[in-house]
1. Go through (1) in a helix (DSSP H, G or I); (2) over 18 Å from V123 (Cα atoms) and name the single condition A57 misses.
2. Considering the range 215-247 alone, what residues qualify as being under 32 Å from the mean Cα position of the chain (by Cα) and hydroxyl-bearing (S, T, Y)?
3. Determine which single condition H172 fails, assuming it passes every other condition in (1) part of a loop (DSSP other than H, G, I, E, B); (2) in contact with a Gly (Cβ under 7 Å, 6 or more places away or on another chain).
4. Which count do you get for residues in the range 148-195 that are away from the ligand (no atom under 15 Å from the Cβ) and more than 21 Å from P65 (Cα to Cα)?
5. All but one of (1) open to solvent by 60 Å² or more (accessible area, probe 1.4 Å); (2) more than 30 Å from H35 (Cα to Cα); (3) at pLDDT 95 or above; (4) of a type in the set (V, I, T) hold for V188; state the number of the condition that does not hold.
6. Those residues that are touching a residue at least 60 places away in the same chain (Cβ under 8 Å) and within 14 Å of L145 (Cα to Cα), I need them from the range 17-55; list them, please.
7. Any residue that is within 20 Å of P119 (Cα to Cα) and of a type in the set (D, E, K, R) - is there at least one of those in the range 5-21?
8. Can you name the condition, by its number, that I200 falls short on among (1) buried (at least 17 other Cβ atoms within 10 Å of the Cβ); (2) within 16 Å of the ligand (Cβ to nearest atom); (3) not acidic (D, E)?
Amino acid sequence: MRLDVVSIFPEYLSPLRLSLIGRAVEKGIIDLGVHDLRDWTHDRHRTVDDTPYGGGAGMVMKPEPWAEALTAILGVGSEVPDGPEGSPTAAPASAESGPVGPEPAAPAGRQDRPAGDRPLLIVPSPAGTPFTQAHAAELAGREHLVFACGRYEGIDQRVVEWARDHAEVRLHSIGDYVLNGGEVAALVMTEAIARLVPGIIGNPESLTEESLEDGLLEYPVYTKPAAWRGRAVPDILLSGNHAAIARWRRDERLRRTAEVRPDLIAALDPAALDRRDRAVLDEIANADPSGLAWGDRPD
Ligand code: ADE
């Protein structure tokens, strides 16, 4: 997988060189490029922002550096230049990205590829579609992901419109809160995606058993010692009865999910629930002061 991230704070993306993803980059499973947007500016101050048309607080990211950066990184063919400030070209040879280092742009000509193989441009934004585990799983199969990390009040809207002519473009939010920029959101999404890329996690079985893979949260886990500070590990986990342990774990997942994420329970496919699942959910519903059994609840 090729992964490019564009930011005015490339150092913010340094964690991509650590841990599992860092090792995947070293092994060549992920081909990572972290780029400084200011390398595509042409004025003395390396300006990337300007005042908003229509007034209002804050600054807006100018379209020209973004179009030049994305032209190089998405491998878009030559275009009409933006004017005296500069024409769309490949990444400047002098590109320096702090500790993350200068990175080569992806090869040109990707716009002719079939839809699934086209680069996907992800713009982290609180106004985007909520990013989920299902998105992460889908994007782990993509060949080329590009994250455009905005700052200030955001990127000039025309950049997204222009980019749609050259790549699939998605706005994704990582939650209903506002961050100072897209970098942390890009880190969150890249971690969720990259760990699902084959070859990155040592034991792929752990991926099928974790929270949200099938719409439920994870069961509680324990390790040695069996008794600690007066608290014992549940007996069933020491029983060696694998079928009973699997059932207990599923019950715990259902209970936990019903307690903290009733929205996930409401979204479950009833056909995916067995009789025991329904009994566990009904037991929880009966203990609930609202008194509504599972299946009788409003969405
Ligand atoms: N940029 C600022 N806030 C964000 C959020 N919640 N999700 C994604 N990108 C953001």
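The values are calculated or read from the model by the stated rules, or taken from the named source; none is laboratory data. No experiment lies behind these values; they were computed from the predicted model shown. Counting neighbours? That spans all protein chains shown, and the Cβs are built from the backbone with ideal geometry, glycine included. Ligands, DNA and RNA are stripped out before the accessible areas are found, and what is left, the full protein with its side chains, is counted by its heavy atoms. Shrake-Rupley method; radii C 1.70, N 1.55, O 1.52, S 1.80 Å.
1. With respect to (1) in a helix (DSSP H, G or I); (2) over 18 Å from V123 (Cα atoms), A57 is out only on (1).
2. Within the range 215-247, Y219, Y222, T223 meet the criteria.
3. The failed condition is (1).
4. 2
5. For V188, the exception is condition (2).
6. Passing the criteria: I29, I30, L32, G33, V34, H35.
7. So far as the range 5-21 goes, no, none of its residues is within 20 Å of P119 (Cα to Cα) and of a type in the set (D, E, K, R).
8. Every condition holds for I200 apart from (2).
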